[in-house]
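Take a look at the structure set out below.
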Amino acid sequence: QVQLVESGGGLVQPGGSLRLSCAASGSFFRINAMGWYRQAPGKQRELVATITSGGSTNYADSVQGRFTISGDNAKNTVYLQMNSLKPEDTAVYYCYADILVNLLQPPLVYWGQGTQVTVSS
């Protein structure tokens, strides 16, 4: 069974920084990509950033230049460094992973439990 465990959320003042981590565990063949979505109250879940196993990254326009996604393939872990945080970044942040469990089935998307990020003075 694949599990994603997130950490690093919390309360921070505008302009501050936070670093989120997400580690994948369990039995699987390969992680194709990992990343982060977020969902603010009353809004749809939106993509924040993704990184492939090859290191290619993609960011939402709203976080480009402020957030940096990185990965450690050996640890099956993805990080999201969030700088210059704004109140509108307040949301529950969800980690996801596109994982090939074995060669007999297509890749599946797994989700973390979510971690709250609150940006407020």
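The values are calculated or read from the model by the stated rules, or taken from the named source; none is laboratory data. Keep in mind that this is a model prediction, so the values were computed, not measured. FYI the Cβ positions are ideal-geometry reconstructions off the backbone, even for glycines, and counts take in every protein chain you see. Each accessible area value is taken on the protein alone, full model and side chains, heavy atoms only, with ligands, DNA and RNA left out. Shrake-Rupley method; radii C 1.70, N 1.55, O 1.52, S 1.80 Å.
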Query raised in the report: Given (1) in contact (Cβ under 8 Å) with a residue 12 or more places away in the chain; (2) open to solvent by less than 70 Å² (accessible area, probe 1.4 Å); (3) not aromatic (Phe, Trp, Tyr), where does Asp72 come up short, assuming only one miss?
Result: (1)
Requested in this report: Give the residue that is farthest from Ile51 (Cα to Cα), with candidates limited to residues of the stretch 8-25 that are open to solvent by 60 Å² or more (accessible area, probe 1.4 Å) and part of a strand (DSSP E or B).
Outcome: Leu11
Query raised in the report: When you go through (1) touching a residue at least 40 places away in the same chain (Cβ under 8 Å); (2) under 16 Å from Glu6 (Cα atoms); (3) open to solvent by 60 Å² or more (accessible area, probe 1.4 Å) one by one for Pro87, which number turns out not to apply?
Result: (2)
Query raised in the report: If you go through the stretch 98-106 one residue at a time, do you hit one that is touching a Gly at 6+ places or on another chain (Cβ under 6 Å) and in contact (Cβ under 8 Å) with a residue 24 or more places away in the chain?
Result: no
Report summary line: Just one listed residue, out of Ala91, Ala40, Ala97, is in contact with a helix residue (DSSP H, G or I) (Cβ under 9 Å, 6 or more places away or on another chain) and at pLDDT 95 or above, and it is Ala40
Requested in this report: Name, by its number, the condition in (1) over 13 Å from Asp89 (Cα atoms); (2) open to solvent by 20 Å² or more (accessible area, probe 1.4 Å); (3) under 12 Å from the mean Cα position of the chain (by Cα) that does not hold for Phe28.
Outcome: (3)
Query raised in the report: Among the residues of the stretch 42-51, is there at least one that is surrounded by 14 or more Cβ atoms within 10 Å (Cβ to Cβ) and closer than 13 Å to Val5 by Cα?
Result: no
